[in-house]
Amino acid sequence: MTSPHLFGIVTPSSNTVLEPLTSAMLAQVPGASAHFSRFTVTQIALSRGALAQFNTAPMVAAARLLADAKVCVIGWSGTAASWLGFDHDEELCAEIERATGARACTSVLAINELIGLMPSRRFALVSPYTDDVQRRILDNYAQQGYEVVAETHSGLSDNHAFSEITEEQILAMCRQMAAARPDAIVIMCTNMRGARLATQVEAELGIPLIDSTSAVVWKGLKLMGADGSCIQGWGRLFSL
């Protein structure tokens, strides 16, 4: 019989951050565990080759491997839909569910749902991406009626390099965003070390922090019917 708390996670191949963070969060949920499957992602850019990394076929193939472990929820812990368009993740979820029979969720769709729980759709955006990728993200959110009131990004394209941005640097980026008084600060990348900063950012700045890795865990637990409120020290979102 499938445990209701086996959570499958589709992971970019060059990511080293999301797996330990996801496991640490789920360790606080009785009976929960995370199980990972990778597909190739090495560069974040708008070139044809970089965009092709996120074709759904290899992502669904990774999800099928997770289905062998009889997980009941499969999450895509990545943020490509923020620049590809939100419909990418909606279609991906539908394909994963057809292929595996498991419920599916993604970081970006979870982020958007969490923003929708805020007083308004005004948020600040922190990312490691290049100017053109960041601009595409801003345009996508604007087209869907969100207001990005401030943004900052690191100008990087090598996916592995995102993990080398320190927590101190990320905290400085969040502090920079606070002046715009957004309803939330969104860290848009599952290979940035933002999740553990949530409690500090929220206490110091008085602004909720929505981290991409935390967001997909939040949504996955909702789909599993598990109580995420037992997760302490990772931000306000788990009380929502």
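The values are calculated or read from the model by the stated rules, or taken from the named source; none is laboratory data. Only a predicted model underlies this, so the values are computations on that prediction, with no experimental measurement involved. Glycine gets a Cβ as well: all are built from the backbone with ideal geometry, and neighbour counts include every protein chain shown.
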Point to revise | Total residues in region 22-79, condition touching a Leu at 6+ places or on another chain (Cβ under 7 Å) and in a strand (DSSP E or B) | key: 7
Exercise for review: Identify all residues within region 206-240 that are among the basic types (Lys, Arg) and in contact with a Cys (Cβ under 7 Å, 6 or more places away or on another chain); write none if there are none.
Suggested key: LYS219
**Study point:** Residues located in region 94-106, provided they are assigned to a helix (DSSP H, G or I) and surrounded by fewer than 20 Cβ atoms within 10 Å (Cβ to Cβ)
**Key:** ALA94, GLU95, GLU97, ARG98, ALA99
Exercise for review: Keeping to region 30-70, report how many residues are buried (at least 21 other Cβ atoms within 10 Å of the Cβ) and either at pLDDT below 95 or farther than 18 Å from SER107 by Cα (or both).
Suggested key: 1
Point to revise | Unique residue being out of contact with any strand residue (DSSP E or B) (no Cβ under 6 Å at 6 or more places or on another chain) and without any contact (Cβ under 8 Å) to a residue 24 or more places away in the chain when the list is ALA226, ALA203 | key: ALA203
